[in-house]
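The values are calculated or read from the model by the stated rules, or taken from the named source; none is laboratory data. If you're wondering where the values come from, they're calculated on a predicted model, not measured in any experiment. Here Cβ is always computed from backbone atoms with ideal geometry, including for glycine, and neighbour counts include all displayed protein chains.
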Amino acid sequence: MDVYCVNRKEYISHDRDEGSFGSHVVWDADALFILPDEMKSEHAGPLMCGGATVWGALSQYNVKATDRVGVIGIGGLGHLAIQFASKMGCQVIAFSGTESKKAEAMAFGATEFVATKGLKDLKHIGKMNQLLITTSEQPDYDMYVSKRYT
Amino acid sequence: MLPGGTIYPLTVEFGKTPVRMLKLITSGLNIQGSAGAPRREIRRMLKFCVQHDVKPTIMTWPMNKKGVEDALKTLKDGKMRYRGVLVVE
């Protein structure tokens, strides 16, 4: 796969004069994407990084429409993960620190919302097949992978 | 997690995995690394977004000094919903 190619040249660490701010640039067409006419450029931008990250997880490892998919963190990655998994047909359980993003998470397609602050375990939550960690800090894994819950 | 379930740690992390080994073993869980998506999958993602009307929720600023500063302030204040985009004027 190209993202794991040993000779890959990555954004930021290679070819820093790549021409992002230029009016024109010459690039290998194999490394470019033609955006659909229906898609605005400003929406395509976040899809190229945060979108690709969560799509990569949801599309390459046998996630099924019948799966329960947990998404920890509702931010740049998480809000797209919820939409993708929901539209793929999955049940989506959104985990956030507080209740503040509940309405937005449900609007993105979450079927359940869990505010984790102060929670000791997840006994009351149905178990999950997939769990995407999209928070900048690592969650308390013992809550998700524990004697009581796993 | 259900037996055989998979955990995807998607954000940048330099430390060791904090998941206890015993539960991985006794429940047959997986920790699946994943970085971005290959080009083929990005093309599929773009198609999927159009088919299912998936859009990132964005806040936009003009691509100039003030735009960058205002966007970074919003990010630092924890008020970005959910991606900031600098638009070329």
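Structural remarks
- Within the range B:10-26, if we keep just the residues that are surrounded by 14 or more Cβ atoms within 10 Å (Cβ to Cβ) and facing chain A (nearest Cβ under 7 Å), the residue that is nearest to residue A:130 (Cα to Cα) turns out to be B:10.
- Enumeration of residues in the range B:55-72 that are surrounded by 11 or more Cβ atoms within 10 Å (Cβ to Cβ) and basic (Lys, Arg): B:55
- Applying a threshold of 7 Å to beta carbon distances and a minimum spacing of six or more residues, or different chains, the list of pairs starting in the range A:1-12 at a residue that is more than 9 Å from chain B (Cβ to nearest Cβ) and ending at one that is in a loop (DSSP other than H, G, I, E, B) reads A:9/A:15.
- Whenever a residue of the range A:112-140 is within 14 Å of another protein chain (Cβ to nearest Cβ), its partners that are in a strand (DSSP E or B) and among the polar types (S, T, N, Q), lying with C-beta atoms within less than 7 angstrom and at least six residues away or across chains, give the pairs A:130/B:6.
- Taking the criterion of being modelled with pLDDT under 90 and small (Gly, Ala, Ser), the residues of the range A:19-42 that qualify are A:19, A:20, A:22, A:23, A:31.
- Within the range B:65-89, the residues that satisfy the criterion of being modelled with pLDDT of 95 or more and away from chain A (no Cβ under 12 Å) are B:65, B:66, B:67, B:68, B:69, B:70, B:71, B:72, B:73, B:74, B:76, B:77.
- Test: residue in the range A:54-67 that is in contact with a Lys or Arg (Cβ under 7 Å, 6 or more places away or on another chain) and farther than 22 Å from residue B:84 by Cα: yes
- Residue A:57 buried (at least 23 other Cβ atoms within 10 Å of the Cβ), more than 8 Å from chain B (Cβ to nearest Cβ) and not polar (S, T, N, Q): no
- Flag if residue B:29 is crowded, with 16+ Cβ neighbours inside 10 Å, farther than 25 Å from residue A:10 by Cβ and more than 7 Å from chain A (Cβ to nearest Cβ): no
- Qualifying residue in the range A:4-20 (condition: surrounded by 10 or more Cβ atoms within 10 Å (Cβ to Cβ), over 25 Å from residue B:57 (Cβ atoms) and in contact with a helix residue (DSSP H, G or I) (Cβ under 8 Å, 6 or more places away or on another chain)): yes
- Only one entry in A:29, A:44, A:81, A:107 is touching a residue at least 24 places away in the same chain (Cβ under 8 Å) and more than 7 Å from chain B (Cβ to nearest Cβ), namely A:81.
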